[in-house]
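Let me begin by presenting the structure, written as structure tokens, before commenting on it.
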Amino acid sequence: MRTAEIKGKNRDRESGVSNVIGVMMMLTIVIILAAMVSGFADGNMNVKTDLPSANLAVSAPYTESGVVFIVENRGGDVLSGRDCSIVTFIDDKQSTFMLSDLDCEKLAAGKKAFAETAKTEKLLGLTQSALNGFAETGKPMEVAIYHNPSNTLLYKSKIILGAKP
């Protein structure tokens, strides 16, 4: 009989342990769900709704004076020259400059920003002979334009140096 009493006492202890583990698991699940809901709500509240939208075109045609760099806003929002950075890749060489470096404080729809030959050479970090050589061979150049405050890619394409716009 003593064995039956001991088994009965152990049964009570085992069921008590199960209740504690069950409550701890439920509490853990509730805390994890609360953290997920909080993170989701916080993430949604920080979303910016004022992302710029613009139809941009970039070209680098060969003119009488040499290669010029042109950025055109064909439609959309006005872009601030200080808020937009331009990244170029040509022949494993990367160059980064601001839209304002093209003497453009604001680029409105229907307007163009450009750099003459000497400034294009400086912005791309190329010599005149290298730039003219790339233009004569129709070397492709990858161009990306970013809106820095929103970290948005506005334009990305490969253009041919020396090609007509």
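The values are calculated or read from the model by the stated rules, or taken from the named source; none is laboratory data. Since the model is a prediction, treat every value here as computed from it, not as a measurement. Cβ sites come from the backbone with ideal geometry, for glycine too, and all protein chains shown count toward neighbours.
Among the residues of this structure, GLY162 counts as one that is touching a Gly at 6+ places or on another chain (Cβ under 7 Å) and buried (at least 16 other Cβ atoms within 10 Å of the Cβ).
Scan LEU99, LEU153, LEU107 and give me the residue that is aliphatic (A, V, I, L, M), loosely packed, with under 13 Cβ neighbours inside 10 Å and more than 20 Å from TYR62 (Cα to Cα).
On the way: LEU99 fails: loosely packed, with under 13 Cβ neighbours inside 10 Å; LEU107 fails: loosely packed, with under 13 Cβ neighbours inside 10 Å.
That would be LEU153, the only listed residue that is aliphatic (A, V, I, L, M), loosely packed, with under 13 Cβ neighbours inside 10 Å and more than 20 Å from TYR62 (Cα to Cα).
Show me the strands (runs of 3 or more DSSP E) found entirely inside the stretch 79-165 where at least 1 residues are basic (Lys, Arg). Give the derivation first.
Numbers: elements: 84-90, 93-98, 111-115, 140-147, 152-160.
Result: 93-98, 111-115, 152-160.
Looking across THR127, THR117, one residue alone is of a type outside the set (Phe, Trp, Tyr), out of contact with any Leu (no Cβ under 7 Å at 6 or more places or on another chain), under 12 Å from GLY66 (Cα atoms) and buried (at least 17 other Cβ atoms within 10 Å of the Cβ). It is THR117.
For the stretch 77-96: of the residues being of a type in the set (S, T, N, Q) and within 15 Å of ALA54 (Cβ to Cβ), which is surrounded by the most Cβ atoms within 10 Å (Cβ to Cβ)?
Step one: list which residues in the stretch 77-96 are of a type in the set (S, T, N, Q), which gives 80, 85, 88, 94-96.
Going one step further and asking which of them are within 15 Å of ALA54 (Cβ to Cβ), we end up with 80, 85.
On the way: SER80: 18, SER85: 16.
My answer is SER80.
Among the residues that make up the stretch 19-28, is at least one of them at pLDDT 55 or above and touching an Asp or Glu at 6+ places or on another chain (Cβ under 6 Å)? Looking for residues that are at pLDDT 55 or above and touching an Asp or Glu at 6+ places or on another chain (Cβ under 6 Å), one finds none in the stretch 19-28, hence no. Taking the criterion of being touching a Phe, Trp or Tyr at 6+ places or on another chain (Cβ under 6 Å) and buried (at least 18 other Cβ atoms within 10 Å of the Cβ), the only residue of the stretch 136-150 that qualifies is ILE145.
In the set ILE31, ILE86, only one residue is modelled with pLDDT of 95 or more, out of contact with any Ser or Thr (no Cβ under 6 Å at 6 or more places or on another chain) and among the β-branched types (Val, Ile, Thr); that residue is ILE86. Cβ separations smaller than 7 Å between residues 6+ apart or across chains give the following pairs from the stretch 45-56 residues that are charged (D, E, K, R) and surrounded by fewer than 10 Cβ atoms within 10 Å (Cβ to Cβ) to residues that are in a loop (DSSP other than H, G, I, E, B) and modelled with pLDDT of 55 or more: LYS48/SER150.
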